[in-house]
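Notes follow once the structure below has been shown.
Laboratory data are not the source of any read-out in this text; all were calculated from the coordinates shown. All of these numbers come straight from a predicted model, not from anything done at the bench. All Cβ positions, glycine included, derive from the backbone under ideal geometry; neighbour counts span all protein chains shown.
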Amino acid sequence: MDMKLEVVVVPVSDVDRAKRFYEQAGFRLDIDLVKGPDFRVVQFTPPGSEASIWVGKGVTTAAPGALQGTLLVVFDIVTARADLARRGVAVSEVFHRPGPGEAPLPGPDPERRSYSSFVTFKDPDGNGWVLQEVRQRLPGRGSAPPAA
């Protein structure tokens, strides 16, 4: 049985401010649904992603800014960082980790090894995102054909 991640709920304090931020960051706006004064869900999909995010009112009890370390995978970390910066998102410089648990070093991995180079950014509530460069997936990590 397939189980696919569909939506990650991002806790925010101001839905309209979050909506402006994620639109500015290049996420696709899918829906803005209001069901009364206590419920609103705004769905965005990151570029190229099959999974989406929700920001809204009445969709989570988590504190605004509680989501940390959510990974978005990109093929080219330098280009992805430049795109976010061009859009006005405060994004870290590119850094890499030479090995597991080792301190980060500036710039992309010198060999551009997959899973080694990163940038980070936060939304206005402090929810933290990590972009990770994956140029070639580990065996078994690619998309499998749909089940018959």
Q | Low-density loop positions, trypsin sites (Lys or Arg not before Pro), segment 23-57 - DSSP coil, at most 16 other Cβ in 10 Å | A | LYS35
Q. Kirkwood hydrodynamic radius for segment 7-133: how many Å is it when counted over pairs of different Cα atoms?
A. 15.3
**Q.** Top of GLN132, GLN43, GLN68 by mean-square fluctuation, Gaussian network on the chain, Cα under 10 Å
**A.** GLN68
**Q.** Highest-MSF residue in the chain out of THR79, THR61, THR70 [GNM, Cα springs under 10 Å]
**A.** THR61
Q | Most fluctuating residue given options PRO46, PRO106, PRO64, as computed from a GNM of the chain linking Cα atoms under 10 Å | A | PRO106
Q: Would you grab the residues whose amide H sits under 5 Å from the one on GLY65? Only those 5+ places off in sequence or on another chain, please, with H modelled 1.01 Å from N.
A: ASN127
Q) Which ³J(HN,Hα) values, rounded to whole Hz and listed in residue order, are derived for segment 88-94 from phi using the Karplus coefficients 6.51, -1.76 and 1.60 in 6.51 cos²θ - 1.76 cosθ + 1.60 with θ = phi - 60°, glycine and proline given as x? A) x, 7, 6, 10, 5, 6, 5
(Q) Need the list of aspartates and glutamates near LYS35 for cross-linking: C-alpha distance under 19 angstrom, and skip anything on the same chain fewer than eight residues off. (A) ASP14, ASP16
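Using a simple charge model, +1 on the beta-carbon of Lys and Arg, -1 on the beta-carbon of Asp and Glu, nothing else, what dipole does the chain show about its Cα centre, in debye to the nearest 20? Let's see the in-between values first.
Working: 18 positive and 18 negative charges, 20 e Å.
In total the dipole reaches around 100 debye.
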Q. By how many degrees, 0 to 90 and rounded to 10, does the Cα axis of helix 77-86 deviate from the longest principal axis of the chain?
A. 40
Q) Among all the aspartates and glutamates, which ones have a C-alpha under 13 Å from LYS19's C-alpha, if same-chain residues fewer than 8 places away are not counted? A) ASP30, ASP32, ASP123, ASP125
